[in-house]
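Contents: one structure, followed by commentary.
Any read-out appearing in this document is the output of simple, stated calculations on the displayed coordinates, not a laboratory observation. Just so it is clear, the structure is predicted and the values come from calculations on it, not from any experiment. Using ideal geometry, Cβ is built from the backbone for each residue, glycine included, and neighbour counts are taken over all protein chains shown.
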Amino acid sequence: MDLVSCHSENQPKFMDITFNCPNCNQELEVDAAGAGSTIECPSCKEEITIPAPKTPPPAAAPAPKKTGEPSSAMSSSAAAKVEMHLKVPVHAQPTESLIEKPQPPLGAAAKNTEKGIKTKTIRRTECIEVGHDKFDEVVTNFLVKIGEPNLISISPITYTHVDIGTQKILTEYGVLIVYRG
């Protein structure tokens, strides 16, 4: 049977002396038979002397309950009878963050760079030359020109316009490119 244990709320209490290590402040519980002896702290490995057990103050007798008097739900609950020894853990190194910070808004990103944020809209109707659709080629050339590190986003767009020849409203597409430039 172990003489010393670190205090845990999940374990039943079989030890008689509860004290803190004078070096690392780890809460320890020791059997009363070990009072006055020297042990090694399980947390910091320093030699410490087990103090003498403290005598508990005399318990006051509970007041007799009057019949018909409502009892307090809190005083009769199990939560009121639980003794808790809570300690904040201390780590030697910084803790790992489990929540990632969101990306800064585009306006903030623009202020933090030497280059400002710019936009370019490329419409398909502007890329048709003599019956040939050069939309893909124009978009590719522009992306190569700005460079991948400066590209922030590419968003597809749809728009309507009036065709001059037929006088009809046509729906077309294009892209909106946001970049640093």
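What is the local net charge at Glu40, summed over the other residues whose Cβ is closer than 11 Å to its Cβ (Lys, Arg +1; Asp, Glu -1)? Intermediate values should be presented prior to the final figure.
Details: positive: Lys45; negative: Glu46, Glu47.
After counting each charged neighbour, the total is -1.
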Taking 7 Å along the Cα-to-C-beta vector as the label spot, tell me the Asp16-Ile39 distance in nanometres, rounded to one decimal. 1.3
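Taking the Cβ of Leu176 as the centre, find all other residues whose Cβ is under 12 Å away and add up their charges (Lys, Arg: +1; Asp, Glu: -1).
The answer is +3.
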Taking each pair of different alpha-carbon atoms in the range 139-181 once, compute 1/r for the pair, average those values, and report the inverse of that mean as the Kirkwood hydrodynamic radius in Å to one decimal. 12.2
What percent do you get for the relative contact order of the range 108-180 when only Cα pairs under 8 Å and 6+ apart count? 41
How many percent of Cα pairs in the range 108-180 exceed 20 Å? 41
